[in-house]
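Presented below is the structure to which this report refers.
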Amino acid sequence: MVKILYLILFFSIGLATAGFCFNEAKVSLDSSEIKILEEIETRLSLQIILPDLLNYAYITNPAIKASKQDWKISIENYNLGKSYPDPTLMTTYYPAPIETRLGPQDWNISLSQQIPFPGLLSGRGKVLEAQTRISKLNLDKIVKNTAVSLMTSLHELVYIQKAVQIAESNFNLAKKLLKTSENFYATDKALFYDISKARAQTAQIQYDILLLKELEQAEKAFINSILSRAPGAPLGSAKNLSLRTIAYSVDEIYQSSIDHQEDVLIALETINKSNEQIKLSRFENLPTFRLGLFYASVGEPDVPTPPPDAGDDAVGIQFGFNIPLWYQKNKSRTLKALAVKEKARANKIDITNKTKAMISRLWFKLQNSKRLITLYKDELIPQSLKSVQTAETWFRNGEGSFSDFLEVQATAYNFQLSLARATADYSKTLVKLEQLAGVSLDKKSISPKESKEEVAP
């Protein structure tokens, strides 16, 4: 599911742009993009669903837009880098003609072309091609990070809205209990302490509702910021997301992160780029050739008896090459490429270690949230609800205190909130694990991606 949702973000790659003012930020959008945004705007004002958020963010998020342009720049750099240099055309005019035996020369023209050593352009193209892949991986990374931010925020919003429902339901019950305590106090069936406790419980739940609604607005403002919308732009209620199970072991997630995680792949691609740079540096130490044509205009000589070939224009063929004389400079190219490669290797190891450490932490958090969900759902909440019924029966039969009844009711309320919290934490943690694994963890891939190996120089 998550993999599919990630892919939704990529549907508009290559769309052309035109002027459009969106909220306070001016962005360049074409008519088709504007239409898409308008349609999504209408739906978002009624209900928030993940695909709409992802599509909207892909079009408007400034980090994604900037990364798209970086990718396009790298593509054009590749096209430029593997092309031949432009030919050189040069002409010379002599105000005072040069007198030669064959006649005066008043102007000449030459055309030359620089020809890199065979293999240099292809090597340069391989380096730039690797950079293009790195730019694409950076785009994928930013898109995925944006998707993860939206997904985690949506899970948090679902929790907040669920908590509001729980709090409002318990608030209505608390008001009834407060009224009951006041009536029982009038008939000496309850103490003034019970009334005070009921009032405090009602006030606490009322404060919870106020706080939760403020948190809801803050979360919606955060979502709007990712979408480049005004903080108060209308957003409806969040659609509930199903609780997904995980089909991978932690060791399988480790391996998947090596195969798919963008930071790891970028480090690996940087190593491969360095290998190509090392090869290129060897070609850059070889001469670059230059071929050219030369034409000189020669006039008739002002002599009584001119030579037989007098006045004939001169035509020549030019050939030359640069001399890689400064050995230290040329050697530095190779040493620099080797240093970049070793740095990339160290970065890859560091990123891999940190990724595995983060996976371990998230795995523990995921399992703990799963245990809490089971505990609250299967044991604590059913027991607390039975306790509420029992305490109410005992109180009405004069076998228990009203204070005990309020206590078990508050406990049941807190357990319900804790279940909603654990459910949201589980889903948010699963999303972050999928970000590191690079695949959906609720269903194993049919054909897992093979690990990429570092290319030897």
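The values are calculated or read from the model by the stated rules, or taken from the named source; none is laboratory data. A quick note: this is a predicted structure, and the numbers were derived from the prediction, not measured. Positions of Cβ are backbone-derived with ideal geometry, glycine not excepted, and every protein chain shown enters the neighbour counts.
If a residue has to be aliphatic (A, V, I, L, M) and more than 26 Å from the chain's Cα centre (by Cα) to count, how many in region 328-352 make the cut?
Quick first cut of region 328-352, residues aliphatic (A, V, I, L, M) only: 335, 337-340, 344, 346, 349, 351.
Subset that is more than 26 Å from the chain's Cα centre (by Cα): 335, 337-339.
So the count comes out to 4.
Consider region 58-72. How many of its residues are farther than 11 Å from Lys136 by Cα and assigned to a helix (DSSP H, G or I)? Break it down into steps so the answer makes sense when it comes.
Filtering region 58-72 down to residues farther than 11 Å from Lys136 by Cα leaves 58-66.
Among the residues that remain, those that are also assigned to a helix (DSSP H, G or I) are: 58-60, 62-66.
Of the residues in region 58-72, 8 are farther than 11 Å from Lys136 by Cα and assigned to a helix (DSSP H, G or I).
Can you confirm whether region 313-334 contains a residue that is within 30 Å of Val298 (Cβ to Cβ), surrounded by 12 or more Cβ atoms within 10 Å (Cβ to Cβ), without any contact (Cβ under 8 Å) to a residue 40 or more places away in the chain and touching a Lys or Arg at 6+ places or on another chain (Cβ under 6 Å)? Give the derivation first.
First, the residues of region 313-334 that are within 30 Å of Val298 (Cβ to Cβ): 313-321.
If we keep only those that are surrounded by 12 or more Cβ atoms within 10 Å (Cβ to Cβ) as well, we get 313-314, 318, 320-321.
From the residues that got through so far, the ones that are without any contact (Cβ under 8 Å) to a residue 40 or more places away in the chain too are 313, 320-321.
Filter once more, keeping what is touching a Lys or Arg at 6+ places or on another chain (Cβ under 6 Å): 320.
Yes: one or more hits.
What number of residues within region 73-87 satisfy the criterion of being in a helix (DSSP H, G or I) and free of Cβ contacts under 8 Å to residues at least 24 places away in the same chain?
Step one: filter region 73-87 for residues in a helix (DSSP H, G or I), giving 73-81.
Filter once more, keeping what is free of Cβ contacts under 8 Å to residues at least 24 places away in the same chain: 76, 79-80.
Residues meeting the conditions: 3.
Scan region 105-120 and give yes if some residue there is assigned to a helix (DSSP H, G or I) and either under 18 Å from the mean Cα position of the chain (by Cα) or surrounded by fewer than 18 Cβ atoms within 10 Å (Cβ to Cβ) (or both), otherwise no.
From region 105-120, those assigned to a helix (DSSP H, G or I) are 120; that's our starting set.
Next cut, either under 18 Å from the mean Cα position of the chain (by Cα) or surrounded by fewer than 18 Cβ atoms within 10 Å (Cβ to Cβ) (or both) only: 120.
Yes; the residues of region 105-120 include at least one that is assigned to a helix (DSSP H, G or I) and either under 18 Å from the mean Cα position of the chain (by Cα) or surrounded by fewer than 18 Cβ atoms within 10 Å (Cβ to Cβ) (or both).
How many residues are in contact (Cβ under 8 Å) with a residue 12 or more places away in the chain, within 26 Å of Ala391 (Cβ to Cβ) and among the basic types (Lys, Arg) if we restrict to region 141-185?
2
How about region 141-197: which of its residues are among the hydroxyl-bearing types (Ser, Thr, Tyr) and in a helix (DSSP H, G or I)? If you could, list the steps in order and put the result at the bottom.
If we filter region 141-197 for residues that are among the hydroxyl-bearing types (Ser, Thr, Tyr), which is where we start, we get 146, 149, 152-153, 159, 169, 180-181, 185, 187, 193, 196.
Passing the criteria: Thr146, Ser149, Thr152, Ser153, Tyr159, Ser169, Thr180, Ser181, Tyr185, Tyr193, Ser196.
Name the one entry in Leu286, Leu325 that is aliphatic (A, V, I, L, M) and either modelled with pLDDT of 80 or more or not in a loop (DSSP other than H, G, I, E, B) (or both).
Values: Leu325 fails: either modelled with pLDDT of 80 or more or not in a loop (DSSP other than H, G, I, E, B) (or both).
Of Leu286, Leu325, the one residue that is aliphatic (A, V, I, L, M) and either modelled with pLDDT of 80 or more or not in a loop (DSSP other than H, G, I, E, B) (or both) is Leu286.
If you take the residues of region 365-422 that are aromatic (Phe, Trp, Tyr), surrounded by 19 or more Cβ atoms within 10 Å (Cβ to Cβ) and at pLDDT below 90, which of them is nearest to the chain's Cα centre (by Cα)? Don't jump to the end; show me each part of the working.
Taking region 365-422 first, the residues aromatic (Phe, Trp, Tyr) are 376, 394-395, 402, 405, 413, 415.
Remaining after also requiring surrounded by 19 or more Cβ atoms within 10 Å (Cβ to Cβ): 376, 395, 402, 405, 413, 415.
Then keep just the ones that are at pLDDT below 90; that gives 395, 402, 405.
On the way: Phe395: 57, Phe402: 55, Phe405: 51 Å.
Within region 365-422, the match that is nearest to the chain's Cα centre (by Cα) is Phe405.
Being within 24 Å of the chain's Cα centre (by Cα) and closer than 30 Å to Leu215 by Cα, is that true of even one residue in region 270-281? Step through it out loud before you land on a result.
Taking region 270-281 first, the residues within 24 Å of the chain's Cα centre (by Cα) are 270-273.
This time we only want the ones that are closer than 30 Å to Leu215 by Cα, so: none.
Within region 270-281 (the criterion being within 24 Å of the chain's Cα centre (by Cα) and closer than 30 Å to Leu215 by Cα), the answer is no, since none of the residues qualifies.
Being of a type in the set (Gly, Ala, Ser) and at pLDDT below 95 is the filter here, so list the residues in region 197-224 that pass it. Steps first, answer last, please.
Step one: of region 197-224, the residues of a type in the set (Gly, Ala, Ser) are 198, 200, 203, 218, 221.
The answer is Ala198, Ala200, Ala203.
List every residue pair whose Cβ atoms lie under 8 Å apart, where the two residues are 6 or more positions apart in sequence or sit on different chains, the first residue falls within region 222-240 and is touching a residue at least 24 places away in the same chain (Cβ under 8 Å) and under 10 Å from Leu150 (Cα atoms), and the second residue, located anywhere, is polar (S, T, N, Q) and crowded, with 18+ Cβ neighbours inside 10 Å.
Taking only residues 6 or more apart or on different chains, the pairs are Phe222/Ser153; Ile223/Ser153; Ile226/Asn61; Ile226/Thr146; Ile226/Ser149; Ile226/Ser153; Leu227/Thr60; Leu227/Asn61.
In region 186-221, which residues are more than 30 Å from Ile48 (Cβ to Cβ), surrounded by fewer than 15 Cβ atoms within 10 Å (Cβ to Cβ), hydroxyl-bearing (Ser, Thr, Tyr) and without any contact (Cβ under 8 Å) to a residue 40 or more places away in the chain?
Answer for region 186-221, where residues must be more than 30 Å from Ile48 (Cβ to Cβ), surrounded by fewer than 15 Cβ atoms within 10 Å (Cβ to Cβ), hydroxyl-bearing (Ser, Thr, Tyr) and without any contact (Cβ under 8 Å) to a residue 40 or more places away in the chain: Thr187, Ser196.
Does Leu380 meet the test of being in contact with a Leu (Cβ under 7 Å, 6 or more places away or on another chain), in a helix (DSSP H, G or I) and either of a type in the set (S, T, N, Q) or on the phi < 0 side of the Ramachandran plot (or both)? Steps first, please.
Numbers: in contact with a Leu (Cβ under 7 Å, 6 or more places away or on another chain): no; in a helix (DSSP H, G or I): yes; either of a type in the set (S, T, N, Q) or on the phi < 0 side of the Ramachandran plot (or both): yes.
Against the criterion (in contact with a Leu (Cβ under 7 Å, 6 or more places away or on another chain), in a helix (DSSP H, G or I) and either of a type in the set (S, T, N, Q) or on the phi < 0 side of the Ramachandran plot (or both)), Leu380 does not qualify.
Among the numbered criteria (1) surrounded by fewer than 13 Cβ atoms within 10 Å (Cβ to Cβ); (2) farther than 27 Å from Thr423 by Cβ, which single criterion is violated by Thr352?
(1)
Could you give every pair whose Cβ atoms fall below 9 Å, whose first residue belongs to region 377-390 and is without any contact (Cβ under 8 Å) to a residue 12 or more places away in the chain, and whose second residue is assigned to a helix (DSSP H, G or I) and not aliphatic (A, V, I, L, M), counting only separations of at least 6 or pairs across chains?
Qualifying pairs under 9 Å: Gln383/Phe415.
Each row is one residue, and each column tells you yes or no for (1) touching a Leu at 6+ places or on another chain (Cβ under 9 Å); (2) within 18 Å of Leu433 (Cβ to Cβ).
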{"site": "Lys126", "(1), (2)": "yes, no"}
{"site": "Asn138", "(1), (2)": "no, no"}
{"site": "Thr146", "(1), (2)": "yes, yes"}
{"site": "Met151", "(1), (2)": "yes, yes"}
{"site": "Leu157", "(1), (2)": "yes, no"}
{"site": "Val164", "(1), (2)": "yes, no"}
{"site": "Ala167", "(1), (2)": "yes, no"}
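Name the single residue, out of those in region 173-193 being of a type in the set (Gly, Ala, Ser) and closer than 12 Å to Gln409 by Cβ, that is nearest to the chain's Cα centre (by Cα). Before the answer, list the steps.
Looking only at region 173-193, we keep the residues that are of a type in the set (Gly, Ala, Ser), and these are 174, 181, 186, 190.
Then drop every residue that is not closer than 12 Å to Gln409 by Cβ, which leaves 174, 181.
Numbers: Ala174: 46, Ser181: 55 Å.
Across region 173-193, the extreme among qualifying residues is Ala174.
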